[in-house]
Structure formats: C-alpha cells, structure tokens
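Asks: To start, I am sharing the structure in question, which I have written as structure tokens.
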Amino acid sequence: MGMLSWLRPSGRVSFFHSKENNLLLKKAGKGSKKQVTLTELCRAATPKTCPLNPLLFNGHLQTAWTTVKFDDVPVYYKRWMFEADDPVFSGHFAVDFTVDPFEAPKDGQLADQERKYTQPSGLPERTAFYSTEEFAALPSDDTKPMLVVLHGLSGGSHEIYLRHVVAPLIADGNWKACVINSRGCAQTKITSGVLYNARATWDVRQAIKWLRKTFPNRPLFGIGFSLGANILTNYLGEEGEACQLKAAVLCASPWNLEVSSVSLQSSWIGLNVYSKVMGSSMRRLFEQHVEEVSKNPRVDVQAIRNTKYLHEFDRALQCASWGYPTEGAYYRDASSVDSLLAIKIPFFAVQAEDDPVATVKSLPFQEIGKTPYGVMMTTSWGGHLGWFEFGGNRWFVKPVTNFLNTMAKEVDLETPFEVETPEKTPGHIANLASNLDTAPKPDFNPMRRKLDLKSALLN
C-alpha cells in the first residue's frame, strides 16, 4: 500500500459554499418530489480524492506540462462569423460549433469570403467554415443540452484543455457544443479596432441570444476557462435572473485580477516565466492585428512592442483602448469576484490552490459563502488548468462533466430554483423593540462598474 500511495499520491479536495442558504434543485421525472441541494450535487459529482501524476508534484510542473503537445483528443468544428449587433462594439467574431469528423480543406482552399476573416496561416486544425447552406440548415427543435464554451487568454477552440472537457460530452451524440472565440483569437482577423478584454461580455451575450432563438428547446449551459471564466462570470452577473443559461462551470478563474497580477509580479518565476510568457502571447496576437488596432489614435504601437510582461501589455494596450488610467484600474473594474454575488443560476467553480496564475490569494472564499447559487471546489494540487493524471488525462474533467451531465439529465430545469433559508434571530438584534436598527440600508450593487463602456466608446 505504501508504494501504491507514493505512485498515486492524492491531493486534498475541499468545498466552499453558503452555510446558511441552500439552493434546492428538483429532481427530474414525472411527478417527482425529490430535491437535492446544489452543494450535495457538486459533492456527488466530484471524486473524493485527487490522484495526479507524482512526477508533476507541484503547481509549476502541472502548469508547465500543459505546454507539452498532446493531440489525442480530436474535436471537429465548423465556424461561422457573426457581425456585432451593437454598433458600439462593431466588428466580427467567430463561433466554432462541434460537428461530426470531416476531412478539412487543405491550406489555400478557403473561399474569398472565408479568407477575409482568417489569418494567412490558415484555420486551426480540424476546423472549417460552414457553407451558407449548412449554416441555414442549423436551426433545430431538438432538446439536446448545449454547452457554450469560453477559452482562456489568447486561446481558442483548438485548446487541448478545452477539448478534454468537450470531447467526452459530445462523444455519444447527446450533447452539442460551441466555442465563442474572443476577437482576434483562433486565427481570426478583426474587422474593427475592438479587441476583447476581461469585461468583453458583449459577444457572449449576442451569441447566447442567437442560440436561444435558433435552438428554442435546448437547455444551454456555460463553461469558462481561466480568463474566459472571468468573462463568463461577469456575463452571468450582468444577466442576473434574466440569464438564458441553466447552469455554469468556472474553471481556474483569476477572479480578482489585481491580486493575481500583483502576485505574479511578487516572485521571480511569476514575473519572468508566467507574466513574460502571457505578455509575449498577447504581443503576438497584437502583431497579427496591428493594422486594425493601430487605427485607434490612442494606441502607441511602439510602446506595446516594447512591453515585456502581461501587466505592461495591459497598460499599453488595454488602458489606451478602453480609457483606464492604469492597469490596476482596469483589473479592479474587470474583476469578477463581486460579479458572482449577482449570479442567479447554479454555478460550480473549480480551482487548484497551487495555481501559479489564478493564485489562491484571489479566490472568493468569503463571497462564495454569501450566495446560495454557487459552490467552489478546490484541490490542493493541480496547477493552472493542469490536474494531469498518469497517461495525460486531466482529473478536473470528471467533476466538470459529472456536474454538467447531472444538471442536464437528472435535474428538472423547468421548475424554478428554490432557496431554502432557515429562520433565525441573531442574538445581537433579538430584542427588536429595544434595539431598533436605524442605520441606513443601502443596496450593494455587485455589478457597478467605473467605466461606462458605451459612453467611453461613443465619445
């Protein structure tokens, strides 16, 4: 047993949630009166232990292993370019839909219209454009659950961590999925100077409205990875009770962007490895779109090219583009740590406490305890979107897909969610007659933003 324990050491699994309020979910089935709490559902979806590859024994090694090229998880996509329906955020963005395997066209076989939106290096592997006829035939009345996916910083639908989750869900044909690629990512060209940022919820909103109209009977679910989780959380908070998604998963979110940035800058490896690598990836993305972005007179191209680290890039481009005075102001305004308090659908957050990018210092331990709508599960080990087991599989896929399958197949999604709040009388206000609360009672708005995007862009 000792040798087996060494070969498959197990990380600790912890859960954080409201201790006072329970979100009650009705079990599916005609006439069923059974209920399960969101906390019970998330715990049941999660393996009790987290045995990972012992050779990748800390967060840095787990994170570094994500750069090793594994391509044994094929997912095929057909792409469609959407034109923004809000003139303030003009331009195009790409949505990639999962499809059955096909023989992708060879390089140079893109139609002229497709080439207009694609980088010279071509489309990502296993990706092609829908024909006009194929796209027109998409609308369906089927009831298959559909997953809406948001990728991480400078990533796209091709990312392997994303395919690890999508592939097992769509394998049996019961799920559909699509990936909303952030503007300029996944080999797309931008058609205006508008790039994405950590608050870029406008394309997500448009895509989900389109999905709701095009597939009226499909329950929609969301999942975001890393920066995509931050964007998805902001979207969920902005939508509140009007949200069209039935449930969401948030993986390795940085949550408090300023805390994460300061943490990266506070160590040699954080600054010279992680921040430097992410800064380089964003500069490469910028260079692919420099012609369009540089049309913005506030953007100093040379200043962006002189940046080395991610926070410097954000200072040079994001602040100039969006009107933030400092990158700290941008990070504070775009963080999703407060947004979770405005979410009104069930959500499951999955984090590793040794994540060197989405640092444990930024996790919303207090906030998650103030809402019945969310549960956060952390592991003591796993890195940033790593969680690698022996053989290259990722452990986090199990709780994520278990949660999504349970929500889609075992929960009555048509019955409104019920919040159970036990009655209690706090001791310090037990005698209301002699101890009246006369202090002001302002409402806290978790979605209050400092930057009015529409006004800023119209001026």
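Asks: For the stretch 162-210, give me the residue count where each residue is among the charged types (D, E, K, R), assigned to a loop (DSSP other than H, G, I, E, B) and either more than 20 Å from residue 238 (Cα to Cα) or touching a Gly at 6+ places or on another chain (Cβ under 7 Å) (or both).
Replies: Here the count works out to 3.
Asks: Then there is this: Condition check: in the same structural domain as residue 186 (by the TED database), in a loop (DSSP other than H, G, I, E, B) and open to solvent by 20 Å² or more (accessible area, probe 1.4 Å). Does residue 124 satisfy that?
Replies: For residue 124, the condition - in the same structural domain as residue 186 (by the TED database), in a loop (DSSP other than H, G, I, E, B) and open to solvent by 20 Å² or more (accessible area, probe 1.4 Å) - is not met.
Asks: Then there's this: Please enumerate the residues belonging to the stretch 40-58 that are more than 29 Å from residue 373 (Cα to Cα) and in contact (Cβ under 8 Å) with a residue 40 or more places away in the chain.
Replies: 52, 53, 54, 56, 57, 58
Asks: Within the stretch 211-233, can one find any residue that is open to solvent by less than 10 Å² (accessible area, probe 1.4 Å), assigned to a helix (DSSP H, G or I) and farther than 29 Å from residue 386 by Cβ?
Replies: yes
Asks: If you don't mind, there's one more thing I want to ask. Taking the options 361, 370, name whichever one is basic (Lys, Arg), assigned by the TED database to the domain that holds residue 46 and either at pLDDT below 95 or in a helix (DSSP H, G or I) (or both).
Replies: 361
Asks: Take the residues in the stretch 272-305 that are within 19 Å of residue 92 (Cα to Cα) and part of a loop (DSSP other than H, G, I, E, B), then tell me which one is least open to solvent (accessible area, probe 1.4 Å).
Replies: So, considering only residues that are within 19 Å of residue 92 (Cα to Cα) and part of a loop (DSSP other than H, G, I, E, B), the one least open to solvent (accessible area, probe 1.4 Å) is 289.
Asks: Mind checking which residues of the stretch 136-165 are open to solvent by 30 Å² or more (accessible area, probe 1.4 Å) and among the hydrophobic types (A, V, I, L, M, F, W, C)?
Replies: If the condition is that a residue be open to solvent by 30 Å² or more (accessible area, probe 1.4 Å) and among the hydrophobic types (A, V, I, L, M, F, W, C), then 136, 137, 138, 153 are the ones that fit.
Asks: Six or more apart or on different chains, Cβ atoms under 7 Å: show the pairs whose first residue is in the stretch 288-300 and assigned by the TED database to the domain that holds residue 318 and whose second is of a type in the set (Phe, Trp, Tyr) and surrounded by 15 or more Cβ atoms within 10 Å (Cβ to Cβ).
Replies: Close Cβ pairs (under 7 Å, with a partner that is of a type in the set (Phe, Trp, Tyr) and surrounded by 15 or more Cβ atoms within 10 Å (Cβ to Cβ)) amount to 293/286.
Asks: A follow-up question, please. Across the stretch 306-323, which residue is modelled with the lowest pLDDT among those that are open to solvent by 20 Å² or more (accessible area, probe 1.4 Å) and part of a loop (DSSP other than H, G, I, E, B)?
Replies: Residue satisfying both the conditions and the ranking: 323.
Asks: If I ask for residues that are under 18 Å from residue 203 (Cα atoms) and either more than 22 Å from the chain's Cα centre (by Cα) or of a type outside the set (A, V, I, L, M, F, W, C) (or both), which ones from the stretch 79-103 would you list?
Replies: 79, 83, 85, 86, 87, 88, 90, 91, 92, 96
Asks: Here is a follow-up. Can you tell me which residue in the stretch 430-459 is modelled with the highest pLDDT, limited to those that are open to solvent by 60 Å² or more (accessible area, probe 1.4 Å) and not in a loop (DSSP other than H, G, I, E, B)?
Replies: 454
Asks: May I ask you to verify whether residue 106 is at pLDDT 95 or above and of a type in the set (Lys, Arg)?
Replies: Against the criterion (at pLDDT 95 or above and of a type in the set (Lys, Arg)), residue 106 does not qualify.
Asks: I'd like the residue in the stretch 331-347 that is assigned to a helix (DSSP H, G or I) and either open to solvent by less than 10 Å² (accessible area, probe 1.4 Å) or modelled with pLDDT under 95 (or both) and, out of all such residues, is farthest from residue 39 (Cα to Cα).
Replies: It comes out as 333.
Asks: Hey, another quick one. If you check residue 207 against the conditions, is it open to solvent by less than 10 Å² (accessible area, probe 1.4 Å), within 18 Å of residue 165 (Cα to Cα) and of a type in the set (Gly, Ala, Ser)?
Replies: no
Asks: Also, I was wondering about something else. Residue 3 passes all but one of (1) at pLDDT 95 or above; (2) part of a helix (DSSP H, G or I); which number fails?
Replies: (1)
Asks: Can you pull out every residue in the stretch 390-426 that is in a loop (DSSP other than H, G, I, E, B), in contact with a strand residue (DSSP E or B) (Cβ under 6 Å, 6 or more places away or on another chain) and within 30 Å of residue 52 (Cα to Cα)?
Replies: 395, 396, listed by residue number.
Asks: I've got another one for you. Could you check the stretch 386-400 and list, in sequence order, the residues that are open to solvent by 10 Å² or more (accessible area, probe 1.4 Å) and under 13 Å from residue 349 (Cα atoms)?
Replies: 397
Asks: If I ask for residues that are among the polar types (S, T, N, Q) and either under 14 Å from the mean Cα position of the chain (by Cα) or surrounded by 21 or more Cβ atoms within 10 Å (Cβ to Cβ) (or both), which ones from the stretch 166-186 would you list?
Replies: 181, 182, listed by residue number.
Asks: Within the stretch 346-355, is there a residue that is farther than 13 Å from residue 13 by Cα, among the polar types (S, T, N, Q) and not assigned by the TED database to the domain that holds residue 278?
Replies: Scanning the stretch 346-355, I find no residue that is farther than 13 Å from residue 13 by Cα, among the polar types (S, T, N, Q) and not assigned by the TED database to the domain that holds residue 278, so the answer is no.
The values are calculated or read from the model by the stated rules, or taken from the named source; none is laboratory data. None of the values given here were measured: they were computed from a predicted structure. As a convention, Cβ positions derive from the backbone with ideal geometry for all residues, glycine included, and neighbour counts pool all protein chains shown. With ligands, DNA and RNA removed, areas are computed over all heavy atoms of the protein, side chains included. Shrake-Rupley method; radii C 1.70, N 1.55, O 1.52, S 1.80 Å.
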